[in-house]
Every structure is written in C-alpha cells, then in structure tokens.
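A short write-up of the structure that comes next.
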Protein chains: 4
Amino acid sequence: MTETQANKPSTISELFNRAKDNLKQKGTDVPLPVASNYLASSQAARELLDSIFIQTRLFDPVEPDAGLTLFGAKMKTPSFCSALSKPPYLSDGDMVELVRGVGKASSIMMLGIGGSELLQTAIDTGTPVVKIVKPYRDTELIYQKVRDAEARGCIAVGMDIDHFYGGYRDGRSRLTDTFAPKRTEEIVQAISMTKLPFVVKGILSTHDALRAAHIGASAIVVSNHGWGSLDFSVPSVIALPDIADAVGKRITVLVDSGFRTGNDVFKGIALGAKAVGFATSVLLASSAGGAEGVEQFLGFITGELKRTMAMAGCPDLASIGRPLIAASPKMTPWW
Amino acid sequence: MTETQANKPSTISELFNRAKDNLKQKGTDVPLPVASNYLASSQAARELLDSIFIQTRLFDPVEPDAGLTLFGAKMKTPSFCSALSKPPYLSDGDMVELVRGVGKASSIMMLGIGGSELLQTAIDTGTPVVKIVKPYRDTELIYQKVRDAEARGCIAVGMDIDHFYGGYRDGRSRLTDTFAPKRTEEIVQAISMTKLPFVVKGILSTHDALRAAHIGASAIVVSNHGWGSLDFSVPSVIALPDIADAVGKRITVLVDSGFRTGNDVFKGIALGAKAVGFATSVLLASSAGGAEGVEQFLGFITGELKRTMAMAGCPDLASIGRPLIAASPKMTPWW
Amino acid sequence: MTETQANKPSTISELFNRAKDNLKQKGTDVPLPVASNYLASSQAARELLDSIFIQTRLFDPVEPDAGLTLFGAKMKTPSFCSALSKPPYLSDGDMVELVRGVGKASSIMMLGIGGSELLQTAIDTGTPVVKIVKPYRDTELIYQKVRDAEARGCIAVGMDIDHFYGGYRDGRSRLTDTFAPKRTEEIVQAISMTKLPFVVKGILSTHDALRAAHIGASAIVVSNHGWGSLDFSVPSVIALPDIADAVGKRITVLVDSGFRTGNDVFKGIALGAKAVGFATSVLLASSAGGAEGVEQFLGFITGELKRTMAMAGCPDLASIGRPLIAASPKMTPWW
Amino acid sequence: MTETQANKPSTISELFNRAKDNLKQKGTDVPLPVASNYLASSQAARELLDSIFIQTRLFDPVEPDAGLTLFGAKMKTPSFCSALSKPPYLSDGDMVELVRGVGKASSIMMLGIGGSELLQTAIDTGTPVVKIVKPYRDTELIYQKVRDAEARGCIAVGMDIDHFYGGYRDGRSRLTDTFAPKRTEEIVQAISMTKLPFVVKGILSTHDALRAAHIGASAIVVSNHGWGSLDFSVPSVIALPDIADAVGKRITVLVDSGFRTGNDVFKGIALGAKAVGFATSVLLASSAGGAEGVEQFLGFITGELKRTMAMAGCPDLASIGRPLIAASPKMTPWW
C-alpha cells in the first residue's frame, strides 16, 4: 500500500475525524454529526428477544423432549452450530475439536469457509456436518465445493446468499473481490448438482423465502448475519414469523443472529423456526474448553430450554407456539 | 467437591469468562455477547406498574375503608405478607416477631419453608397464618404438611407450583433435588386432605388459573416469584387482568411480585386482584424494627392506599376498578 | 419532638434504610428494592410534552395575536401565574414585586396561601388577581376568604381541591391538620357567596370536570399540582384533551403542571386549554430580577409562543388546534 | 453594547441561572426546572431513521443505477448538497472547492447566503448550481437575486421559507432584522420572474406542500432546517410520507435534515423523496479534504446506497418504496 493510499480515508467516519482535526488546528471545534449505529439489526434483535415473555402452564407437568431430526440426523437439541469459518485465534485442530463438541451434544455443525481437508477431518469426527458454501465470484468453485461436500459425506449442503455483496462493517465493504452476486440460475444449478438437501442461508423476506422454496431448497436460514451483511437489515427475529407462515409447511425454516440463551431458543421456535443457530457463542465455548466447552455450552442451552418447555407445558418442540409468548406492552407484537 | 468439579463451569456466563481469559492469554481480546437479563420479569413488572396513572375524583369525598375478609379472617388492609421462608439473616425468634407484626397490622401471614414448631409459634401469636407448602419431591411430605397446617390452626393452606422445577437465577437451577413437578392428581389429593381453603401459588396463565379453579382451589396467587422461577415468565402484573377476568368470580385472585407502594396495591386491585402480597419488603421492615417495623411498613402501605382511594373517590376496595387507571401513551394498555 | 419520635421512621424509605444499616452491622448486605419514583406524574408530563411536534404553515403569513380575556381581564398572553404561595426565600415585598411583574406582562396572577394584607397589596399593584383558597379544615375560613377576595377587588376567586388530603412527597403527607376534604355542598356554598367567577383547581378527570361545571364553576384548572398532590396521578397533559372535550364549551379550561416554554403553551392550547399556568418558573424569574424578571420571563414565553403561532399559521389563540400537533411515533396519541 | 444590555438576560435559561446564583447567595439551593430540549426535531429525526429496517431481496441480483435527472441535470446519485451558506471557518476559495467536489461526484449544489461573485465562481466550476434565496425583509433583494441566479446560469432557483421568522436556537431568535415573512403574492412574483424551475425549501405540512404546488413551484425541500428554524417542528422524516402522497406526482419532493448515511438516503427515498440533501456532512467533508473530500463523501454515501439497493433488489431509484422498509415494533409506522 502506498503512502497516499494509506492516507486516503476509506469511510465517512475517517473522513470526518480528519475534518475535526483540521478544524481544531484552525481553532474551530465542530461536533461531528451523530452517525447511525452500524450494529442496529443486532441490537434490535437482542432488544426484541428480551421483550418477549413466556406463559407458564404448570398443571399436568410434562417431561419435555427437545429432540428433532434435521437432514436425516437425529438431534437431542434444536440448537445447532450456525455456519462458522475458522477465526484467526483458533487452529485447524481447535476447529475439529469444536466440531467434535457439537457432535457430543447431539447437535449438527454448519461449516463456512474452509478447504476440503478441514471438512473431511470434521466429518470424520462423526458429527453431522452441513457445508455452507460462500457465494464465490468464481461460480465453478461453488459447484466444486457442493460436489465435494456430497462426496465427503455431509448431511446437507447450502449456500450463503447474504454475502453476495461481501461483508459490511463500520461503513466498509469486505471481501467483494472474492464474493459476488449469483443469478438464480446459478443457484438452481448448484442445487441440481447434489442429491443432498440444499440450504439457503441469509433470507430476510418472504420474497426470498418463496423463491428459495420455489427453486427446490430444502431449508432456509433466516439470518441477518450478525453484524456482517446489511446494517439496518430487518432483524431475523422480526422477519421470522412472516417467513415461517409463508413457507414453513413446505421447507425447513431455521434461524440465527442474536440468540444467546435457552429461552431465546424457545422464543425462536415459538416465532416459527424449527431450530436455532449459534455461532459466536460456540466459538467462545470452544475457546473456553475445546470439545468439552462446546458440549457444555449446548448442554446449558438445551437444559434451560427443556426447563422452560416444562414450565410452559410443552412436551415436545412442536407444541411450542405463538400463543405461549407475549410481547411487552412497549412493543407492538410483530407476529 | 473435588478440584475438577470446582473447575467445571456451571453456567454460560462462567464458561464465557473462561473463554475471555484464555483468549486474552493468547493476545486476543474478544467482547462477550450481551446476555439476556435474568431479572427481566421483575424489571418489566416494575416498569409496568410505574407506567400506570390514577384518575382522581375529588368531588363528594369519601372515607375509604380498606378492609376485607380473606379465608374468614377480617383484615384492615388488602396488603398481606406473601409466602416467606426464613432467610439466613433472621433467627426463628425474628420470624415470629415478623409474624406478630403482620397480625398487629390486621393483615395475614403466608409462611413458606419451615417446620411445625415455627408454624405453631407463628400461629400462637394470634396472627392468621396461611401455610404454603413447597412442591416436595416426596409427595407424602406435602400431604403431611397440609394436614399439619390444618391441625395446628392455619386459616388456609396451599402449595407453591412455580418451584416444580426448582428456583432459577443467573442460569443456574437450585433445589431440584428437593422439589419436583407434581401431577394434578397429587394436588387434587392434597386439596382433599383438608377442609381449609386451598391456595395455589405461582399462576401466570388463564390455563393454569382455570385448572386451579376446576380442581377445587379456593384462591390463587398470580406470581412470578420475584427472580426465583422462570426468567422471562410473563410478569404477574401482565398476567393478572386476563386471569381475574377468567376466574375472579369463582375464586379469590391474589397477586404478588414487584409491588412496593400503596399506589401499587391500588393498581394491583384495579387490575383484578383482591389483595396484594409483599415479601422482600416485609423482611426488610422486620430487619429494621421487628414486629413494630413490620406493622409500620404495612401501615405506610395502607395509609398511602387509603389516601389514594380517597383521591380516586373509592369508598371501598370493590370500587377500585380499571376505569380509574390509565396506561402511559408509551405502552399499549394490556387490560 | 421527643427522642423516640425523632427515631421513629416516617416513610418506607427511612424504614428500609434502617434495615440496611442493621443488616450491614450483622454482616449482610441487602439491596433495597427499587421504589417507584414519587415524581412520576411530573416526569411523564415533561416527556409527553417533549414528544409533541408542531406542524408549520408558512404560506400566507400572519401577525399572531396572543391576546385573550379571562375573568373580564384583557391579557396579552395566554400564560398566567398559577396559584402561588409565598416560599420562605421570598419576602412579602418580593411577592408584591412578583405580582407587579405579572401585571406588567399583561397577564393575571393567581394567589394561593396568604393573608388579606398581602392580597390587598397585590391587588393594589393594578395586576388582575385571582384568589385560590385552600381547602381549609375550617370551612368558615374558606367562606371568609372567598368574601374577602371579592370585597378587596379580585377578578375571580376559587378553591384548590387537590389538597383535600394535604400535600404528598416522598411517601409523606403534609398539612393534613390544616386542610381537609370538602363536601360538594360546601363548595356550592362557597360559590354562592360571591358574584365573582369561581375557579376549581386540581381537576384530573372528566368526572370532576363535569361536577365542577354542574355546580356552577366558571373555570377549572387541570392540574396535577407539580409534585404536591398524588404521585402517579394522571398527568394534567394527559387528562386535558378529554376534559376539554367534555366541558370546554361550557366553562373555561385552564391547565398547569410541567409547562416550561412558549412551545409548551402552544401544545397546551392545542390540547384544549384556554391558557397555561406557570408557578415554579415565575418564582425563579422573580428571584432573578424581581418585577422585571417576571415580566421578562412571561415576555420570553409569549415571544416564543407568538413566533410558533406565526410559523403554524395561527393568527389567534382560537386557531390553535389538535390538527396542528403530532405525537412521536413512540407514543400513542392520547387526544 | 452597553453594560445594561450586556446584563439583561436574553433567554429563559440565562434568567434562571441568574435566579440560581441569587438564591445561592441567600443560602437557598433551588433545582432549575428541566427545560425542553431545543434540538428535539433533529434528535427525533435521527431516532426515527435508526428505527427503520430494510428488507433484503437477494434472488435475481441487480446492478443498481442510482442516477436521476433533477432540474435538467443528470446526476449519478440522489444525494445532493442542500442549501449551504459559507460558515466562518471556510474561505470563499474553500467554498468553491466544495462546489467543485459536488460536481465531481455528479451531484448538484444548492447555495444559500452569498453574493453574485461567489455564485458566479461556483457556477464556473461546471457543477450544476441551484440558488436558494433567503426570505429577505427587502423583497426587491429577493427578486434581484432570483433574476441574478437565472442570468448567471443556475439550473434552478428557489427560496427558503422556514427562515421567515429568522433562525432559532436555545430560546434565541436570530437574523430577524434581515429576514421576514413573505406574502404568497411575493413568492408568486418571485416565481414569475424566472423561467428556471423554482424550489420552495422548508415545507413540513401538506398544507404548505399543496400551496407550493398550486402557485407553480417545481420542487419542494421537506426540511426542518436542522436546529435552525422551529424547535419541536415536525421532523422532516415524519412529514415526508404524507407530503409525498399529496404532491409527489405533480412536483419534485426533496428532503433534508438529519440524514447521514447511504442507508438513510434509501429510507428517505422509500418514504417518498426523489433525492436527499446533506449540508453539515458536506461542510465537514470539505474541511477534511476540499473538493476531493466532498467527492469522497458523496461517493461513500452513493456506494452504500447502491450496495443497499442491490441487497433490496432495487435496480433503480423508482423501485425503492415503502414495502421495502419496516418500522421497529417500538414505533407506530408513520407512513
């Protein structure tokens, strides 16, 4: 990078801070305009989840069963590890341990960016693995990764569509050289290349959910990709109920972004999801205690969920529904 | 406890703090995800109560009478001491003084965990006592305590159903060895064992309220058990109006959790309760001044309530109703 | 006051602080329960006023006239000095200067507690004075003060009914020896004793407004008496529109409590008041600059009001109405 | 300024601070009443914009075109520089550089206060310039400036009507000697003096929007003039949808006040504007890097807008509409 490039501001924030400095040198102190918060969707998601209360039904107690079958895999919990790419602070070995922990918790693993070798080692742990392919600019690479996933033994494969335009944070786009928008025909082509169930991740509108169902996806992940996609996108927790109403009977609706607790999982399922994904939390659990930490984390989540199911009188996941939740009087219920 | 057990994290919070430490040692500083607030129901209850305003009707002033009869006992105040178990910082003697103070205020006492001896001494103070039995795993113990309560002279007896699954705080279950879910038949059996009015405590849905009425309960306490039962349960103050509409004509509807002032009592009654319970506040009052402190506390509450009744033009408790309260325009009225 | 009396807690807050001290001595640190905020009505009023926005209509500019006639007095401003009793930090002479300032601003003065001598000196300044009599326990004193007000030359006389039960602050009643509830017949009697227009101050419900109109009051002041009457009373700004709709065509509806600016006056009038009272602000203005300070204050208020009227296209006070205001989308409009 | 004038308080705030000082000298400490926030409209605008979420539609990706034609000028971005008067900290040369930067970004420049010479230099940069004339007390000056703008080559000319009564901040009017309300006939006259499209800036009601359309304006700027016109005016972002519905098919509806990001532009257009103005931000960008800084700023805005358009499935500005946005459940949608 040349000196000039280094000096060129790459966001509004950097530009304005330069203005502040220049004006201060001239003796003028100018307050910078309050910018929008680039974490708006995440923060709204958290606030919304925390505004949902749960009805209790304690008579006729039940032994809740939190099990379900996803992509043919039997799970003991509706919490899964949402598409994860290895962060710099974890080694390949750490990632494999993480995957192992997911399996020990009888959950399933979605893997994001990563090569065939890591994928194979992950699958070899015995944990059911879903490969989520990034929307590479090089479409052939997508096809190749889809085929590879099937060949190596994934239980499902899918594609992340909310990184069509790269990541976004603090006014900066990332990875737009690597990723690019894909035409529907290209996605259809990817689906046609495998017999595995196909997952489309990054849906936030019924428009896209209906399209995904129409072209043959088996499942969608309603997701605002944490802080990584579009600031001020509709939070997944707002988008979920309408989407579940629109396609929930035809395809599997999963959700992630901002869920943190077993009660959050209960709320996500009440809003229409079949299962709820965790990513940041699983990474942390792995950093805390490797495979055992991950197993513990999913255990805590599932334990709280089952306790809450029991208190709400829900013997199984199918009995968790919207009548059991109530929005704070400060909110208009959006479901 | 072995070294290993001591080291095993028992909540998500502990697990994540360990991750933070590990990552810091590797030179990576990771922000922990914002967790849900485990006091959500209590905080919502407080905020909701504080968002209710009271109409004044000053013409044709009245001398308010705050008296009522509960379980045959004549009370001069609709505030009562909600089910209390002796905390470590009070002695048995302190508890008896507390009960005496409740009686001096012409109120009634609900006693939670505690043996026959304490119960007898409490009853001997002359204060009307209601025994609230915990949902012991050992059902026979419940039956025995119900019979004991009647034999010793309680005015009513009941059972706490929101501790079926133990207490819960900061992601941790407590007392699940001691308490356990009880089948409806077991509750029916407990009711059949006594001629006393039977109270079911811990109701938060019309579903449970209707069940309680159906199986012969005389009264229910709408309660989210402070911070002790289910995080994000519907706060009792939200659940109350629907429940009162559903069963208020057949059985006695009481409420507790988060009430603090005489105005709060007015609001609770306007929302449909016949009387309002205080627990934490009574403990504090007892710590401040023993029997006299408790009497003073209930006196302050009743004094403020009567002043407010006078200003709202209510000669008696029956005349306190929903038309006299208004929700803040920031809230959707939930009644 | 004896030692014992001094030691006896007189509010819940004092009682709980004692508990905290006692428990700390025993080595237990207990968090005190969060109490309701005893300034709730005032704070809500402020927040509500600040959530109202004003439409501008700039075409066809007008020269606004903020004048009106109240109780026969011509005023150049719809802001008046609401019932004021002399605070300790002002001398009798200061009060007279304050009244003089109100007159210099072409407004009217409402005087609260105070003897005949002060009343006479106030009237002698030439400022139109309305005497607001307190609801004295001694009803004859009320009648005497009503007759005295007429005899000395007040333009109207009235009675404060929201101090029927004394003042109230921080859980403590005040002045209940001096004030007491008055029966409707007593108010009727007071009205019958004078030919002056009669003002009833402290109305917060259509119930009371209709009663006031029915028994012959000429005007009412919708007021929650700042922090001095009932905590959690409906703020006057919420109560106003319904009351104005109910009686605004038959009697004069005034308002006070929490108004601070010229825009607030615009909003109060849009919500249905004919004029808006200031008390705390007038006291401060008087402390800042005596008669001139008060005149300046009412001048600032009126100047801002007229500028806003001009910008909203309102040539006179009668043209200020609810279509010109909008509630924040965070609020449900309450009018 | 004489000593006396210097000492005379010119706002309520100054008056009250004097009261506080005086009372402190007497040993009385009085809390000042909480005043309304004089930036209410701006703050509400920001909060409202941040409460709007955007739907994504990623299937069938589009290459968004953010271009439009305003006043005959082809723009590559719907963000423009809203009426700007030279601040003290910029030189005339700086202003010209700023204008040049606007042109380099293929946008248009609205110029506020400033003489013919600056206007000419600005036009000579080749950037399309719209002259927004202030509502001078001296109407002839307005006419002269309108004719001058046409003669020198502006692409449009207009008038700011929200400074009819001067600026306003912290309770203080400004510039009322220079500016004054203009009668509709005077505006009609100004319009008749030029063949250029005429812009009326400072509209916040459908009343004024309809009037502007009726008398022949080609465009309006819905604007609450940042902090400079009427405190508690309806924020432009609230006023916009109704105004666009009322006149959007007949005249060009522009908007400014409080917009900061490319997403804000998307939201403004979804609410009914054809383009969105920036003023403070352009000044800062200019201070940061002159013409290049301004070009960069508008580039960042447009880049973010186009990325968001792509993610929302909008090939052009006309396809951005209200179905693509959602209000936070804490807000009532105002559109």
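Structural remarks
- Annotation: A:Ile238 fulfils all but one of (1) crowded, with 20+ Cβ neighbours inside 10 Å; (2) within 13 Å of chain D (Cβ to nearest Cβ); (3) in a loop (DSSP other than H, G, I, E, B); the unmet one is (3).
- Note on segment D:152-205: residues that are within 19 Å of the chain's Cα centre (by Cα), small (Gly, Ala, Ser) and at pLDDT 95 or above total 4.
- Unique residue being of a type in the set (Gly, Ala, Ser) and either within 14 Å of chain A (Cβ to nearest Cβ) or touching a Cys at 6+ places or on another chain (Cβ under 6 Å) (or both) when the list is D:Ala45, D:Ala66, D:Ala83: D:Ala45
- Extreme residue, nearest to B:Thr308 (Cα to Cα), among residues of segment C:177-201 that are among the aliphatic types (A, V, I, L, M) and facing another protein chain (nearest Cβ under 10 Å): C:Ala180
- Any hit, segment B:160-176, residues being part of a loop (DSSP other than H, G, I, E, B), charged (D, E, K, R) and within 12 Å of another protein chain (Cβ to nearest Cβ): yes
- Failed condition for D:Pro78, given (1) over 23 Å from D:Gln144 (Cα atoms); (2) in contact with a Phe, Trp or Tyr (Cβ under 8 Å, 6 or more places away or on another chain): (2)
- Residue within segment A:286-306 that is touching a Pro at 6+ places or on another chain (Cβ under 6 Å), modelled with pLDDT of 95 or more and either closer than 17 Å to A:Asp65 by Cβ or part of a helix (DSSP H, G or I) (or both) present: yes
- Residue check, D:Val157 assigned to a strand (DSSP E or B) and either among the hydrophobic types (A, V, I, L, M, F, W, C) or touching a Pro at 6+ places or on another chain (Cβ under 8 Å) (or both): yes
- Taking the criterion of being touching a Cys at 6+ places or on another chain (Cβ under 7 Å) and not β-branched (Val, Ile, Thr), the only residue of segment A:115-151 that qualifies is A:Lys131.
- Contact map, segment A:7-19: first residue more than 9 Å from every other protein chain (Cβ to nearest Cβ), second residue modelled with pLDDT of 90 or more, Cβ cut-off under 6 Å, separation 6 or more or different chains; the map is empty.
- For segment D:206-228, residues that are buried (at least 19 other Cβ atoms within 10 Å of the Cβ), over 18 Å from the mean Cα position of the chain (by Cα) and within 9 Å of chain C (Cβ to nearest Cβ) total 2.
- Within segment B:88-107, the set of residues being without any contact (Cβ under 8 Å) to a residue 40 or more places away in the chain and hydroxyl-bearing (Ser, Thr, Tyr) comprises B:Ser91, B:Ser106.
- Residues that are buried (at least 16 other Cβ atoms within 10 Å of the Cβ) and aliphatic (A, V, I, L, M) were ranked within segment C:151-174; the one that is farthest from C:Tyr136 (Cα to Cα) is C:Ile155.
- Residues of segment A:307-335 classified as buried (at least 18 other Cβ atoms within 10 Å of the Cβ) and in a helix (DSSP H, G or I), total: 7
- Here D:Met110 fits the description: within 27 Å of D:Val130 (Cβ to Cβ) and either without any contact (Cβ under 8 Å) to a residue 24 or more places away in the chain or part of a strand (DSSP E or B) (or both).
- Residue tally, condition touching a strand residue (DSSP E or B) at 6+ places or on another chain (Cβ under 9 Å) and within 10 Å of chain C (Cβ to nearest Cβ), over segment B:28-42: 0
- For segment B:243-263, filtering for residues that are of a type outside the set (Gly, Ala, Ser), more than 14 Å from chain C (Cβ to nearest Cβ) and buried (at least 19 other Cβ atoms within 10 Å of the Cβ) leaves 7.
- Checklist (1) assigned to a helix (DSSP H, G or I); (2) surrounded by 21 or more Cβ atoms within 10 Å (Cβ to Cβ) applied to A:Gln189, failing item: (2)
- Odd one out for D:Leu58 among (1) crowded, with 18+ Cβ neighbours inside 10 Å; (2) within 14 Å of chain A (Cβ to nearest Cβ); (3) modelled with pLDDT under 95: (3)
- Filtered by the rule that a residue be β-branched (Val, Ile, Thr) and surrounded by 18 or more Cβ atoms within 10 Å (Cβ to Cβ), segment B:63-95 gives a lone residue, B:Thr77.
- Considering segment C:295-318, and only residues there that are touching a strand residue (DSSP E or B) at 6+ places or on another chain (Cβ under 8 Å) and of a type in the set (S, T, N, Q), the residue that is nearest to the other protein chains (Cβ to nearest Cβ) turns out to be C:Thr308.
- Matching residues, segment D:289-306, being in contact with an Asp or Glu (Cβ under 7 Å, 6 or more places away or on another chain) and crowded, with 24+ Cβ neighbours inside 10 Å: none
- B:Ser286 crowded, with 22+ Cβ neighbours inside 10 Å and either among the acidic types (Asp, Glu) or within 12 Å of the chain's Cα centre (by Cα) (or both): no
- When residues of segment C:264-282 are limited to those that are surrounded by fewer than 24 Cβ atoms within 10 Å (Cβ to Cβ) and under 13 Å from the mean Cα position of the chain (by Cα), the one farthest from the other protein chains (Cβ to nearest Cβ): C:Ala279
- A:Ala273 vs. criteria part of a strand (DSSP E or B), within 30 Å of B:Met331 (Cβ to Cβ) and among the aliphatic types (A, V, I, L, M): no
- Tally of residues being of a type outside the set (A, V, I, L, M, F, W, C), closer than 25 Å to C:Arg307 by Cα and surrounded by fewer than 22 Cβ atoms within 10 Å (Cβ to Cβ) across segment D:135-150: 5
The values are calculated or read from the model by the stated rules, or taken from the named source; none is laboratory data. Remember, it's a predicted structure, so these values are computed and weren't measured experimentally. With ideal geometry, Cβ positions are generated from the backbone for all residues, glycine too; neighbour counts draw on all protein chains shown.
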